[in-house]
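Chemist: Let me give you the structure first, and then I'll get to my questions.
The values are calculated or read from the model by the stated rules, or taken from the named source; none is laboratory data. Since the structure is predicted, the reported quantities are computational estimates derived from the model, not experimental observations. Backbone-built Cβ (ideal geometry, glycine too); neighbour counts: all protein chains shown. Please note that ligands, DNA and RNA were not included when accessible areas were found on the heavy atoms of the full protein model with its side chains. Shrake-Rupley method; radii C 1.70, N 1.55, O 1.52, S 1.80 Å.
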Amino acid sequence: MGIISVENTDRLYWLGRYTERVYTTIKVFESRFDSMIDIDDLEYEKFCESQDIPNIYKSKEDFVARYCFSLEDENSIISNLMRAYDNAIVLREEIGSESLSYIQLAVYAMNQASLGRSPLIGLQHVTDNIAAFWGMTDDDIEESSIRNMIRVGKLVERIDLYSRLKVFPERIRKETRRLTNRIDKSTMRYDHKRMAHVNYLVQLDDLPYETLTDEIEKLVGDEL
Amino acid sequence: MTTYADIFSKKERVEDMEIYAGSGAVNEQLARYGVKFGIYKNNEFKEQLFPFDMIPRIIDKDEFTYLEKGLKQRVVALNCFINDIYGDKHIVRDGIIPEEFIYAGSGYLPQCDGIKPPKGIYAHIAGIDLVQAKDGDWYVLEDNLRIPSGASYPMIARMISRRSSPDLFTGKHVEDNRNYAAMLRRTMDHVNVGGHTVILTPGRYNAAYFEHSYLAEKTGAHLASGHELIVENDHLYFIDYSGRKERVGAVYRRISDEYLDPMTFRKDSVIGIPHIFDIYRKGNVALINAPGNGVADDKGIYYFVPKMVKYYLEEEPILQNAPTYLPYYKEDMKYVLENFDKLVLKDVAEAGGYGVVFGNKMTSEEKENFKTMLKNEPRRFIAQEVIDFLDIDIMEKHELLPRKADLRAFVLMGEEPMVWKSGLTRFSRNPDSFIVNSSQGGGFKDTWVLSQ
Ligand SMILES: Nc1ncnc2c1ncn2[C@@H]1O[C@H](COP(=O)(O)OP(=O)(O)OP(=O)(O)O)[C@@H](O)[C@H]1O
Ligand SMILES: [Mg+2]
C-alpha cells in the first residue's frame with residue numbers, strides 16, 4: 001500500500017482534532033444557546049470562560065453571529081471548520097473523494113446556516129455531515145493507520161475539550177481508555193510517559209482538569 | 001455530424017434538460033465533490049466552481065475514428081520532432097523549419113540537448129485543441145504538450161450526470177470515459193524506471209489542484225509536493241513519515257519546466273526538487289511530460305506541424321491547421337496587413353487565452369499600434385483566419401442558447417498512442433466571444449463519443 005509523509009500524518013491528526021472541535025463545540029453551543037433564548041442573556045460569558053477564549057462579544061446576538069459564523073473570529077466554529085477543510089482538501093488521496101465530500105458538505109451547510117434565523121437547525125446539518133465523515137472514514141479507508149491517526153486526533157481533542165468543560169470524570173475516563181487502545185495502532189509518534197501520566201491523572205478522585213489539559217495537548221506533536 | 005438534437009427528442013431536449021438543470025442536482029453534486037479551479041483575484045486566492053453545462057458535445061463513431069487517426073499521427077510526429085530537436089536536428093538542417101523559430105522561442109531548453117528520455121517519449125500526455133467549423137471540418141488550433149490540464153472535469157462530470165440524469169444515457173450508446181485514470185496509469189507505468197509513481201503538485205493554491213488530487217486518487221499514484229521528494233545517490237526518493245526512503249521511478253509533474261529543479265532552471269523555485277534534472281539526464285527517473293516540450297507547442301512552431309508529419313512519417317497530414325500566417329515571411333506579412341480585419345492574432349509567448357486578439361474587434365488606433373508592433377517584432381506573432389466554429393447549445397435560465405465551444409482531445413503515449421474517447425469541451429459564456437478559456441470565465445461540457 002501507499003506511502004505517507006510526515007506532513008500528511010500530521011494533517012490527518014489535525015483533521016481529527018478540528019472535526020471533533022467543531023462537532024463538540026456545536027453540541028455545547030446548542031445547550032448554551034437554549035438558555036440564552038429566555039433564561040440568561042449572559043450565558044455566553046460563562047461559555048467563553050470555560051473555553052478559555054476571549055470574550056470579545058457585545059451581546060448574545062453578537063456572540064451567536066460571530067462565534068458561529070465569523071471567519072474573522074479565530075475561535076469561531078466556522079474558523080475551526082475551515083481548518084478541518086484546509087487539512088482535508090490536501091488529503092484526497094489518503095481519505096478518498098467520498099469522505100472528503102462530507103467535509104465539503106459541512107462547509108456548505110455552515111455557510112447555509114449563517115443565512116438562517118434558527119442557527120441550531122442549520123448547525124445540525126453541519127454535525128450530521130461530520131458524523132457522516134467519521135462514519136465514512138471508518139467504512140471506506142482501507143489503511144488502518146490512516147483511520148487511526150484521524151481517530152487519535154479526534155480523541156485527543158475530545159479529552160482536551162471535556163477537561164476544559166470539566167465534564168464528569170467518568171466520561172473523560174472512558175475517552176482516555178479509548179485513546180490508550182487506539183494510539184499504538186496509529187503508528188504515530190507520541191510521548192509514552194505522558195500517556196501513562198494521563199491515565200494516572202484521570203483515575204484521581206479529584207480530577208486535576210487543568211493539568212490534564214496541559215498534558216493531553218503535549219501528547220502528540222512537535223514537542224517530542 | 002450528430003448533434004444532440006439528432007439523438008434527443010425535442011421533449012428530452014427542452015423539458016428534460018430543463019428538469020435536470022433546474023433541479024440543481026448536478027450543481028449540487030459538483031459542489032459536493034469540490035469540482036473547482038483556483039484563481040487569483042486582487043492577489044487573493046479564490047476557489048471557483050467550474051461552470052458545467054449538461055448538454056454534451058456529441059461525436060459520431062466514424063467522425064471520432066477519423067479524429068483518432070489524425071490525432072495519433074500528429075502526436076507521433078510531434079514526438080519525433082522533439083527527439084530530433086534535442087538530438088541531431090535534421091529538420092533544421094534540411095531547411096524545413098528556420099533555425100530562429102527553434103532557438104529564439106522560450107520553449108527550447110538548451111539543457112535538454114542530447115537527452116533521450118525513457119522509451120524515447122517526450123509528450124506522454126498531449127492536449128490537442130480543436131474546433132469544428134460550421135461545414136463540419138475540424139481544425140487543430142493548438143497543441144499543448146507541456147502540462148495540458150482538464151481531463152478530470154469530464155471524468156467526474158460523467159460520473160455525476162449519470163447519477164443525476166440516468167435517462168439521458170439510456171439507449172444512447174456513449175463510450176465510457178471513466179477509463180482515463182487507467183489509461184494514464186498505463187502511460188506512467190510504461191516509462192517508470194523502477195519504484196513508485198508520484199504526481200508532483202505545486203500545492204493546493206494551484207489553479208488545477210482539484211485535478212492533481214483527483215487524478216492521484218483515481219490512478220493510485222502518490223500525490224507529493226517538492227519537499228517530500230529528495231535526490232540521493234543518483235536516485236529519487238519519497239521520504240515517508242517514519243523517515244524511510246522509498247524509491248520513485250516516474251514523476252507526473254504538474255509544475256512547469258522552469259520550476260522543476262532550482263539547480264538547473266529557476267534558482268528561486270521552492271516547489272521543485274534539487275538535482276532531479278541530473279538524474280533524469282542519467283535515465284534514473286521518468287519525467288512526465290519531459291522537460292523541453294515547449295519547443296514543439298509554441299504557437300510559432302504550430303505552423304510547421306503539418307510539415308513535420310510529412311517529414312518524419314512521410315504521410316499526408318490527416319488533421320489540418322487553421323490557415324495560419326507567419327509575419328516572419330514577407331508574403332505572409334503582406335497578407336496579414338492587408339487582411340487584418342478578418343484575422344485573429346496571437347502572441348506566441350502567451351497562453352490561457354491571453355494575447356489572443358481579433359482584428360475586427362480593435363479600434364482603428366489599436367489596429368495601427370498593433371501593426372507597428374507586428375512590423376517591429378514579426379517573430380512574436382502569428383495570424384490565423386478566424387474559424388467560424390460551431391455553436392453548441394447551453395441551458396441558461398430555462399432557455400437553450402448557442403455558444404462557441406472548442407474541444408481539447410487527449411492523446412496518451414503508452415506502449416502505443418491512445419486517444420481518450422471523450423475530451424474537454426469548453427464553451428464561452430459570452431454570446432459574442434470566441435474565447436472559451438476557463439480563466440476568462442468559460443464553462444465546460446462533457447464530450448460524448450458514440451460507440452455505434
Ligand atoms: N483561428 C481562430 N478562430 C476562431 N477562434 C479562435 C481562433 N484561434 C483561437 N480562437 C479562440 O481563442 C481561444 C484561445 O486560443 P488559443 O488556444 O490559440 O490560445 P491559448 O492562449 O493558447 O489558450 P489555451 O492554451 O488555454 O488553450 C480558442 O480556444 C478559441 O476559442
Ligand atoms: Mg488553446
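Chemist: Being open to solvent by less than 30 Å² (accessible area, probe 1.4 Å) and either away from ligand 1 (no atom under 12 Å from the Cβ) or within 14 Å of another protein chain (Cβ to nearest Cβ) (or both) is the filter here, so list the residues in region B:391-408 that pass it. Talk me through it step by step, then tell me what you get.
Modeler: So in region B:391-408, the residues open to solvent by less than 30 Å² (accessible area, probe 1.4 Å) come out as B:392, B:394, B:403-408.
Within region B:391-408, B:Ile392, B:Ile394 meet the criteria.
Chemist: With the structure loaded, tell me whether A:Arg177 is open to solvent by 40 Å² or more (accessible area, probe 1.4 Å) and at pLDDT 95 or above or whether it fails that test.
Modeler: Considered against the rule, which asks whether it is open to solvent by 40 Å² or more (accessible area, probe 1.4 Å) and at pLDDT 95 or above, A:Arg177 comes out as yes.
Chemist: Another question, if that's okay. Is it true that B:Gly353 is modelled with pLDDT under 95 and open to solvent by less than 30 Å² (accessible area, probe 1.4 Å)? Let's see the steps before the verdict.
Modeler: Numbers: modelled with pLDDT under 95: yes; open to solvent by less than 30 Å² (accessible area, probe 1.4 Å): yes.
Considered against the rule, which asks whether it is modelled with pLDDT under 95 and open to solvent by less than 30 Å² (accessible area, probe 1.4 Å), B:Gly353 comes out as yes.
Chemist: Moving on. With respect to B:Ser428, is the statement that it is closer than 30 Å to B:Tyr108 by Cα, open to solvent by less than 50 Å² (accessible area, probe 1.4 Å), polar (S, T, N, Q) and within 16 Å of ligand 1 (Cβ to nearest atom) true?
Modeler: no
Chemist: For region B:418-434: of the residues being in contact with a Leu (Cβ under 9 Å, 6 or more places away or on another chain) and more than 16 Å from ligand 2 (Cβ to nearest atom), which is farthest from the other protein chains (Cβ to nearest Cβ)?
Modeler: For region B:418-434, the residue satisfying everything is B:Pro431.
Chemist: So, in region A:1-46, exactly how many residues are among the hydrophobic types (A, V, I, L, M, F, W, C), outside any loop (DSSP other than H, G, I, E, B) and either within 14 Å of chain B (Cβ to nearest Cβ) or within 21 Å of A:Met136 (Cβ to Cβ) (or both)?
Modeler: Residues flagged as among the hydrophobic types (A, V, I, L, M, F, W, C), outside any loop (DSSP other than H, G, I, E, B) and either within 14 Å of chain B (Cβ to nearest Cβ) or within 21 Å of A:Met136 (Cβ to Cβ) (or both) within region A:1-46 amount to 6.
Chemist: Does B:Gly443 satisfy the criteria of being more than 28 Å from B:Lys69 (Cβ to Cβ) and in the same structural domain as B:Ala104 (by TED's automatic domain parsing)?
Modeler: When the stated conditions are applied, B:Gly443 passes them.
Chemist: Out of B:Lys307, B:Lys346, B:Lys330, B:Lys334, I need the residue that is over 24 Å from B:Thr372 (Cα atoms) and either open to solvent by 30 Å² or more (accessible area, probe 1.4 Å) or in contact with a helix residue (DSSP H, G or I) (Cβ under 7 Å, 6 or more places away or on another chain) (or both). Which one?
Modeler: Being over 24 Å from B:Thr372 (Cα atoms) and either open to solvent by 30 Å² or more (accessible area, probe 1.4 Å) or in contact with a helix residue (DSSP H, G or I) (Cβ under 7 Å, 6 or more places away or on another chain) (or both) holds for just one of B:Lys307, B:Lys346, B:Lys330, B:Lys334, which is B:Lys307.
Chemist: Could I ask something else about it? Within region B:202-304, considering only strands (runs of 3 or more DSSP E) that don't extend past its boundaries, which have at least 3 residues that are more than 13 Å from chain A (Cβ to nearest Cβ) and at pLDDT 95 or above? Before the answer, list the steps.
Modeler: On the way: elements: B:222-224, B:229-232, B:235-239, B:245-253, B:286-288.
Qualifying strands (runs of 3 or more DSSP E): B:245-253, B:286-288.
Chemist: While we're looking at this one, here's another question. Counting only residues that are more than 9 Å from chain B (Cβ to nearest Cβ) and of a type in the set (S, T, N, Q), which one in region A:94-133 is farthest from A:Ser70 (Cα to Cα)?
Modeler: A:Ser99
Chemist: Could you say whether any residue in region A:82-96 is closer than 28 Å to A:Met149 by Cα, open to solvent by 30 Å² or more (accessible area, probe 1.4 Å), of a type in the set (Phe, Trp, Tyr) and touching a helix residue (DSSP H, G or I) at 6+ places or on another chain (Cβ under 6 Å)?
Modeler: No - not one qualifying residue is present in region A:82-96.
Chemist: Does region B:380-387 contain any residue that is within 16 Å of ligand 2 (Cβ to nearest atom) and without any contact (Cβ under 8 Å) to a residue 12 or more places away in the chain?
Modeler: No, the conditions are met nowhere in region B:380-387.
Chemist: On to the next question. Consider B:Lys445 carefully, then state whether it is modelled with pLDDT of 90 or more, over 20 Å from B:Leu49 (Cβ atoms) and either away from ligand 2 (no atom under 16 Å from the Cβ) or open to solvent by less than 60 Å² (accessible area, probe 1.4 Å) (or both).
Modeler: So B:Lys445 does not fit the description; no.
Chemist: Quick test for you: out of B:Ala181, B:Ala221, B:Ala133, B:Ala208, pick the one residue that is of a type in the set (A, V, I, L, M, F, W, C) and crowded, with 22+ Cβ neighbours inside 10 Å.
Modeler: B:Ala221
Conditions (1) in the same structural domain as B:Glu99 (by TED's automatic domain parsing); (2) away from ligand 2 (no atom under 16 Å from the Cβ), marked per residue:
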residue	(1), (2)
B:Ile276	yes, yes
B:Ile279	yes, yes
B:Asp297	yes, no
B:Lys310	yes, yes
B:Pro327	no, yes
B:Glu331	no, yes
B:Val336	no, yes
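Chemist: Taking the criterion of being surrounded by fewer than 21 Cβ atoms within 10 Å (Cβ to Cβ), among the small types (Gly, Ala, Ser) and in a helix (DSSP H, G or I), would at least one residue in region A:148-166 satisfy it?
Modeler: no
Chemist: Residues being facing another protein chain (nearest Cβ under 10 Å) and on the phi > 0 side of the Ramachandran plot: count how many of those fall in region B:192-201.
Modeler: 0
Chemist: Let me ask something else about it. Which one is farthest from ligand 2 (Cβ to nearest atom), of the residues in region B:395-417 that are among the charged types (D, E, K, R) and in a strand (DSSP E or B)?
Modeler: B:Glu399
Chemist: Within the bounds of region B:431-448, is there any residue that is away from ligand 1 (no atom under 11 Å from the Cβ) and farther than 24 Å from B:Met159 by Cα?
Modeler: yes
Chemist: Separate question: Under 6 Å between Cβ atoms, at least 6 apart or on separate chains: pull out the pairs that start in region B:329-358 with a residue that is within 14 Å of chain A (Cβ to nearest Cβ) and end on any residue that is within 16 Å of ligand 2 (Cβ to nearest atom) and of a type outside the set (D, E, K, R).
Modeler: Correct list of pairs: empty, since none qualify.
Chemist: A further question follows. Restricting to region B:134-152, count the residues that are part of a strand (DSSP E or B) and more than 9 Å from ligand 1 (Cβ to nearest atom).
Modeler: Selection size over region B:134-152: 3.
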